1. Could you list, in sequence order, the residues of the range 61-92 that are of a type outside the set (S, T, N, Q) and more than 22 Å from residue 117 (Cβ to Cβ)?
2. Please give the number of the condition residue 86 fails out of (1) without any contact (Cβ under 8 Å) to a residue 12 or more places away in the chain; (2) under 16 Å from the mean Cα position of the chain (by Cα).
3. Taking residue 67 and the conditions (1) in a loop (DSSP other than H, G, I, E, B); (2) touching a helix residue (DSSP H, G or I) at 6+ places or on another chain (Cβ under 6 Å), which numbered condition does it fall short on, given that it satisfies the others?
4. Is it fair to say residue 117 is hydroxyl-bearing (Ser, Thr, Tyr) and more than 19 Å from residue 58 (Cβ to Cβ)?
5. Just give me the residues in the range 14-68 being among the small types (Gly, Ala, Ser) and either under 17 Å from residue 121 (Cα atoms) or surrounded by fewer than 17 Cβ atoms within 10 Å (Cβ to Cβ) (or both), in sequence order.
6. Would you check which residues across the range 82-101 are buried (at least 22 other Cβ atoms within 10 Å of the Cβ) and among the hydrophobic types (A, V, I, L, M, F, W, C) and list them?
7. Assuming residue 45 fulfils every condition listed in (1) modelled with pLDDT under 90; (2) more than 25 Å from residue 133 (Cα to Cα); (3) outside any helix (DSSP H, G or I) apart from one, which condition is it?
Amino acid sequence: MLQVQSIKQLLVNMRRDVLGECIEACALCEFACVTCADACLGETAPDPLRNCVRLNLDCADVCALTGHLVSRAFSAEPKLVRAQLEICANLCAACQAECRRLAPSHDHCQICAQACSQCEALCREAALQVAQQQ
């Protein structure tokens, strides 16, 4: 029972720091991006949303990978973790910009842009934290 309690405490402590928040933001952003892409494809005229769908799917994939990599970053190479966080932040910024452009006429893009903005900010903050620990 002691070992299970230690793991639970580790997870609680991890969620209190920026890396834990980043992992959660990546998962939420992945979900928002997949949902936005699906909603774009369900529109009556999806052709103008083609770039949004591509960015949504790319962002979702990178967010999923980043969340997984950061969640097991305890013994990972810090330079690689930092690089992945920066890639995720940059892709979130691109996806956010496209969704913000479309948000006035598509509510799902507004929601996605907000998730991308949060994920971008936390990935940048986590990258700085990783850089300081090197």
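The values are calculated or read from the model by the stated rules, or taken from the named source; none is laboratory data. These figures come from a predicted structure and were not determined experimentally. Positions of Cβ are generated from backbone atoms using ideal geometry, with glycine treated the same way; all protein chains shown enter the neighbour counts.
1. 72, 73, 74, 76, 77, 78, 79, 80
2. (1)
3. (1) is the only condition that residue 67 fails.
4. The answer is no for residue 117.
5. Keep residues of the range 14-68 that are among the small types (Gly, Ala, Ser), which gives 20, 25, 27, 32, 37, 39, 42, 45, 60, 64, 67.
Passing the criteria: 20, 25, 27, 32, 42, 45, 60, 64, 67.
6. Passing the criteria: 85, 88, 89, 91, 92, 95, 99.
7. Unmet condition: (1).
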